[in-house]
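Below are the structure tokens for one structure; questions will follow.
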Amino acid sequence: MATPELGYADVNRLVLKTLSPPGRRYWLGVACLAAIVGAGFTAWMYQVRVGLGVTGLRQPVMWAFYITNFVFWVGIAHSGTLISAILFLFRTRWRTAVYRAAETMTVFAVMTAGLFPLIHLGRSWFFYWLLPYPNQRGLQPDFRSPLVWDAFAVGTYFTVSWTFLLMGLIPDVAAARDQATGWRRKFYGVMSLGWRGTDEQWRHFSMTYLLLAGLATPLVISVHSVVSWDFAMSQLPGWHSTIFAPYFVAGAIFSGCAMVLTLLIPMRRMLGLEEALTAWHFDNLAKVILGMSLVVSYAYISEAFMAWYSASPLEIETFQQRYWGPYGWLYWVMVVCNCVIPLLLFSPTIRHRLRALFVISIFINVGMWVERFVIIAGSLATNTIPSQWGVYRPSPVEVTITAAGFAWFLMWFVLFTRFLPIVSMTEVKEGIRWQRQAHRAGEEAAP
Amino acid sequence: MSDAVRVTAMFAEAEACAGAIVALRAAGLQAARVFTPFASEEVAQALGARRSPVRLWVLLGGLAGCAGGFALTIGLSALYPHRTAGMPIVSIPPFVIIAFELTILGAALSGVVGFLVHGRFGRDAPVPGYRVEFSDDRFGVVVDCAAAEVTRVAEVVRAAGATEVSHEAG
């Protein structure tokens, strides 16, 4: 069951307690993350000053760590919208306590993803060339290019994700305002926009939230499909495949749900949210991960089958290189992390052990990052001209910037957890009401 | 001196709150305002609330976004013709992707504007009858009535299950 003993007031007490002023250990953690971000920024500035030659990008592998990070973080973002929007439309009850954290993760993951194409550009200050504006050269961005679709899709996703998160926060921030003092009261007062929970406000809120969920659902599927078309629209063996859109969407949900576990399990303990985030929530999340793991495994098999069935020497050679070539070991790491280890989740005992879930989620995060790398860099390394083949090795600059990307994401998430409600109070209360109604209905039905 | 009085009744459950709204109506009285700590279908049904006009904002925003997406892609491609990969200058299938994204963007942003306009948000001004308990665990029904009717209102809401009833000059 969700939260059997909690009353409505307990929910406010539990969640608002997380907004108390944090201690030294918290700020030390934030400072460490900020230091890693600072190191990444320094590495980026060095790359800007010296040029892309400081990376390991060489012909034929001109897309590698940075684009891997972009695809990985866009994928991470997807489960947030799955949990907050798609499961909302299905009225899935276990989502109520976890969706805010997943939605927050979405926003910060998109923020992180958006940095990598800019870094990868080399001359980052020309990013605006992607925007359609009249210019003296008479050229416009090519609307037939997947890279331009990507700019529109990720930009829309970023805006709608923020909107969705901020909308959902309004009633909870109003509850925080009513209990807060000092600058926090003013801050929450501004953020709550004068919310008082009147019937009129709820009427418009419920409709807007429902419609935003309805809009976010096709959007989230379109965004990762568009990201997959960055690859699938090209002629490169290993990329040019019609299954890429569903394959990437499934992988995105898989990796995103794993990241939700990675974040929620320690957060639950650190913020004292054990009563709100129960084994029931984690069990359901683990089932979603298991389902997505099976879909992803099917995609890996399907890809291999299609390469063989096509009888195209280029496709067959690409996949042989993928399994046994210079990045072959990474492919098998990916298979173990994404297809084998998640099978443990068939066991209810493991699904109820949070430490085991945490470890499995880390393996999946690693496996999904490696999957992106194998697809992107691995396919480029063995292109259609064997004389051009080459192996990519990341430079310290790329490794530092990649680590900084993780720190950047975690820093914002950690900051959010102590300044805004990380669990939706209003939706958990709705969950309690559902439970009470179900309990009453059960009692009435009993002989 | 005005004899208008504002009666505020508190309830522990949404069902009791909804019951009070129905009972007040049966007694010829009207709830001026209802406060709930979360969205309650029972309360909305008891009030007989109409569907929010935000739907129309979303529809119009989506249509505008869609039209804008096609206008942007077709218009600029025609103004700055640049043939790539042997594709026609105006290639509708790829333009649908951009139009789709802008449809969603337009609908979402327009919906939020509609929500802010109709909900009269933006000011952190007090709302008559509001108590901090309404963002915690209580449901509230506010009735504006004449001083002579206070006792009757209190009786109706207590019979419906109010845990606390108070009144003040309205």
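Nothing in this text is a laboratory measurement; each read-out follows from the coordinates by a stated rule. All values derive from a computational prediction rather than experimental measurement. Quick reminder, even Gly has a Cβ in these numbers, built from the backbone with ideal geometry, and neighbours come from all protein chains shown.
When the Cα centres of segment B:48-70 and segment A:152-200 are compared, how far apart do they sit, in Å?
Answer, in whole Å: 22.
To one decimal place, what Kirkwood hydrodynamic radius in Å is obtained for segment A:233-278 from all pairs of distinct Cα atoms? Let's see the in-between values first.
Numbers: mean 1/r = 0.0760 Å⁻¹.
13.2 Å is the Kirkwood radius here.
May I ask you to list the trypsin sites (Lys or Arg not before Pro) in segment A:1-94 that are in a DSSP loop and have at most 16 other Cβ atoms within 10 Å of their Cβ?
Counting only loop positions with at most 16 other Cβ atoms within 10 Å, the trypsin sites (Lys or Arg not before Pro) in segment A:1-94 are A:Arg91.
For A:Val226, what charge total do you get from the other residues with a beta carbon under 11 Å from its beta carbon, if Lys and Arg give +1 and Asp and Glu give -1?
Computed value for this residue: -3.
Using 7 Å Cα-to-Cβ label points, what is the A:Asn135/B:Glu41 separation (nm, one decimal)?
5.3 nm
Right, next: What's the longest uninterrupted piece of chain A once you rule out the chymotrypsin sites (Phe, Trp or Tyr not before Pro) that are loop residues per DSSP with at most 16 other Cβ within 10 Å?
A:91-388
Continuing with this model, one more query. So what is the relative contact order of chain A, in percent, for Cα pairs below 8 Å that sit 6 or more residues apart?
Working: 583 pairs, mean separation 145.6, N = 447.
About 33 percent, as a whole number.
Could I ask something else about it? Report the label-to-label distance for A:Leu147 and B:Glu155 in nanometres (one decimal), using points 7 Å from each Cα along the Cα→Cβ vector.
Result: 7.9 nm between the two label points.
While we're looking at this one, here's another question. Where does chain B land at 222 nm, in deg cm²/dmol rounded to the nearest 500, when only DSSP H runs of n ≥ 4 count, each adding -39500 (n - 2.57), divided by all residues?
Only helices count here, giving -16500 deg cm²/dmol.
What stretch of chain B, leaving out the sites themselves, is the longest with no trypsin sites (Lys or Arg not before Pro) in a DSSP loop having at most 13 other Cβ atoms within 10 Å?
Formally, the longest exposed-site-free interval is B:1-49.
Considering only A:Ala153, A:Ala102, A:Phe90, whose Cα is most displaced toward the positive end of the charge dipole of chain A, charges sitting on Cβ of Lys, Arg (+1) and Asp, Glu (-1)?
A:Ala102
Based only on the alpha carbon positions, what is the Kirkwood hydrodynamic radius of segment B:119-160, in angstrom?
Numbers: mean 1/r = 0.0792 Å⁻¹.
Result for segment B:119-160, one decimal place: 12.6 Å.
OK, next. Rounded to the nearest angstrom and ordered from largest down, what semi-axes does the equivalent ellipsoid of chain B get from its C-alpha gyration tensor (root of 5λ)?
53, 15, 12
Can you compute the FRET efficiency between B:Arg25 and A:Val295 using 1/(1 + (r/R0)^6), with r the Cβ-Cβ distance and R0 = 51 Å? Round to the nearest 0.05.
Result of the calculation: an efficiency of 0.45.
Skipping prolines and chain starts, which residues have an amide H placed within reach, meaning under 5 Å, of the one on A:Leu6, given they are 5 or more residues away or on another chain?
Correct list: empty.
How big is segment B:39-133 by the Kirkwood estimate over distinct Cα pairs, in Å?
So the Kirkwood estimate lands at 16.6 Å.
I've got another one for you. Would you kindly calculate the translational diffusion coefficient of chain A, applying Stokes-Einstein with the Kirkwood radius from alpha carbon pairs, for 4 °C and a viscosity of 1.567 mPa s, and quote it in µm² s⁻¹ without decimals?
My calculation gives 55 µm²/s for D.
Oh, and also: Put +1 on the Cβ of each Lys and Arg and -1 on the Cβ of each Asp and Glu in the protein assembly as shown; which of A:Leu264, A:Trp324, B:Ala159 then has its Cα farthest toward the positive end of the dipole?
My answer, from the dipole projection, is A:Trp324.
Could you work out how far apart the two model spin labels at A:Ile350 and A:Glu274 are, taking each label as a point 7 Å from the Cα in the direction of the beta carbon, and quote it in nm?
2.5 nm
Which ³J(HN,Hα) values, rounded to whole Hz and listed in residue order, are derived for segment B:135-149 from phi using the Karplus coefficients 6.51, -1.76 and 1.60 in 6.51 cos²θ - 1.76 cosθ + 1.60 with θ = phi - 60°, glycine and proline given as x?
9, 10, 9, 10, 10, x, 10, 10, 10, 8, 8, 7, 4, 5, 9
Cut-off 13 Å, label point 7 angstrom out along Cα-to-Cβ of B:Ala147: give me the residues of segment B:1-23 whose amide nitrogen falls inside.
Only B:1-6 fall inside the zone, counting backbone N under 13 Å.
Multiply the residue separation of A:Trp162 and A:Tyr323 by 0.36 nm, subtract the distance between their alpha-carbon atoms, and state the gained length in nm to one decimal.
Gain on extension, A:Trp162 to A:Tyr323, equals 54.0 nm.
Going by how many other beta carbons lie within 10 Å of each one, how would you line up A:Thr349, A:Thr198, A:Thr106, fewest first? Working shown, then result.
Values: A:Thr349 8, A:Thr198 21, A:Thr106 31.
Ordered by Cβ neighbours within 10 Å, fewest first: A:Thr349, A:Thr198, A:Thr106.
Right, another one. If you average the sequence gap of Cα pairs under 8 Å that are 6 or more apart and divide by the length of chain B, what percent do you get for the contact order?
Values: 249 pairs, mean separation 87.9, N = 170.
It comes to 52 percent, rounded to a whole number.
Over segment A:303-398, what per residue volume does the convex hull of the Cα atoms give, in whole Å³? Don't jump to the answer; show the numbers that get you there.
Details: hull volume 9.8 nm³, N = 96.
Per-residue hull volume (Cα only) is 102 Å³.
May I pose another question? Of A:Ala311, A:Phe244, A:Val336, which is farthest towards the positive pole of segment A:215-359's charge dipole, taken about the Cα centre with +1 and -1 on the beta-carbons of Lys, Arg and Asp, Glu respectively?
A:Val336
How much FRET efficiency would the formula 1/(1 + (r/R0)^6) give for B:Ala169 and A:Glu443, where r is the Cβ-Cβ distance and R0 is 45 Å, rounded to 0.05?
With a Förster radius of 45 Å, E is 0.55.
Return the tail of the calculated pair distribution for segment A:45-199, meaning the percent of Cα-Cα pairs more than 19 Å apart. Walk me through the numbers on the way to the answer.
Values: 8019 of 11935 pairs.
Of the Cα pairs, 67 percent sit more than 19 Å apart.
What longest range of chain A stays clear of loop-exposed GluC sites (Glu not before Pro) (DSSP non-H/G/I/E/B, at most 14 other C-beta within 10 angstrom)? Don't skip to the answer; put the middle values down first.
Values: sites that count: A:Glu5, A:Glu274.
Longest gap between qualifying sites, sites excluded: A:6-273.
What size of dipole, in debye to the nearest 20, comes out for the protein assembly as shown about its Cα centre when the only charges are +1 on Lys and Arg C-beta atoms and -1 on Asp and Glu C-beta atoms?
Taking the Cα centre of the protein assembly as shown as origin, the dipole is about 1040 debye.
A further question follows. Hey, can you grab everything whose amide H is under 5 Å from the amide H of A:His240? Only 5+ residues off in sequence or another chain; H modelled, so Pro and N-termini drop out.
Placed amide hydrogens put nothing under 5 Å from A:His240.
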